[in-house]
Ligand code: ADE
């Protein structure tokens, strides 16, 4: 692998010693040594870290609590023009990423990672994929890291997906121009679940989502705005009543907006879970 292109950018590792106190490093050497990592295969490495470099995820990146490498797909392209795609077999519009090119990029990305896909899944962001959800975020956060292939064309040669047991993942029923934004969505939802990344807030929010209901409405000061008052119960100081009001609102909103979640919630309750 010595002459293979190396990941073109690295974040979240060198800054560990610089930004954490020595005492903290001594307390948690194992976790820091094996921080969760994303290896991202893309034609646009400059798209990363993007939004993930800001706010809480950006701080966690600087602190080495997670990290990423980008692998420039073009480096593995064929010929003078470093072509990465070709016309679809059988005809049709658009282009298809070549298996030899993507395969070489995946081999490079996998260097030094566990072979067990449960420990290090390989994902391909695609509208054709399995819908991404909180349960998948939880599963990915439990891995040591992930490799993510970002597409920009009609698709990828199916053989490479089969050969490397690649999981196709969709972030919703719409078509993006490329997989980079989708990858950032997936990484954001995953790293906020890592122990110590965002503190307690994430686990509290996660808990409320794992009940399978949407959030109840929230209010804050002023008590009246544009002729609208805060629902009286919330200013009553009666915690029991506030709890049941919030629960009712959650159920009402879930039933109205997400019949699929509501059905799943009801059948879970019937099972006594
Ligand atoms: N690439 C293009 N559209 C996408 C989607 N909806 N989800 C994941 N990756 C994509």
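Quick look at the values:
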{"item": "Percent of beta bridges antiparallel (DSSP, the stretch 45-172, rounded to nearest 5)", "result": "20 percent"}
{"item": "Cα-Cα separations in the stretch 211-270 greater than 17 Å, expressed as whole percent", "result": "49 percent"}
{"item": "Fewest-first ranking of 225, 245, using other Cβ atoms within 10 Å as the exposure measure", "result": "225, 245"}
{"item": "Whole-angstrom gap from the stretch 217-273 to the stretch 84-136, using each part's C-alpha centre", "result": "41 Å"}
{"item": "Cα point-scatterer Debye curve for the stretch 9-198, base-10 log of I(q)/I(0) at q = 0.08, 0.12, 0.19 Å⁻¹", "result": "-0.26, -0.58, -1.34"}
{"item": "Sorted by Cβ density within 10 Å, fewest first, the residues 78, 187", "result": "78, 187"}
{"item": "Gained length - residue 258 relative to residue 232, 0.36 nm times residue gap less alpha-carbon distance", "result": "6.7 nm"}
{"item": "Order of 260, 188, 85 - criterion: other Cβ atoms within 10 Å of each residue's Cβ, fewest first", "result": "260, 188, 85"}
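Read the figures in this text as sums done on the coordinates, not as results from a lab. For clarity, every value in this text was computed on a predicted model and none was experimentally measured. With ideal geometry, Cβ positions are generated from the backbone for all residues, glycine too; neighbour counts draw on all protein chains shown.
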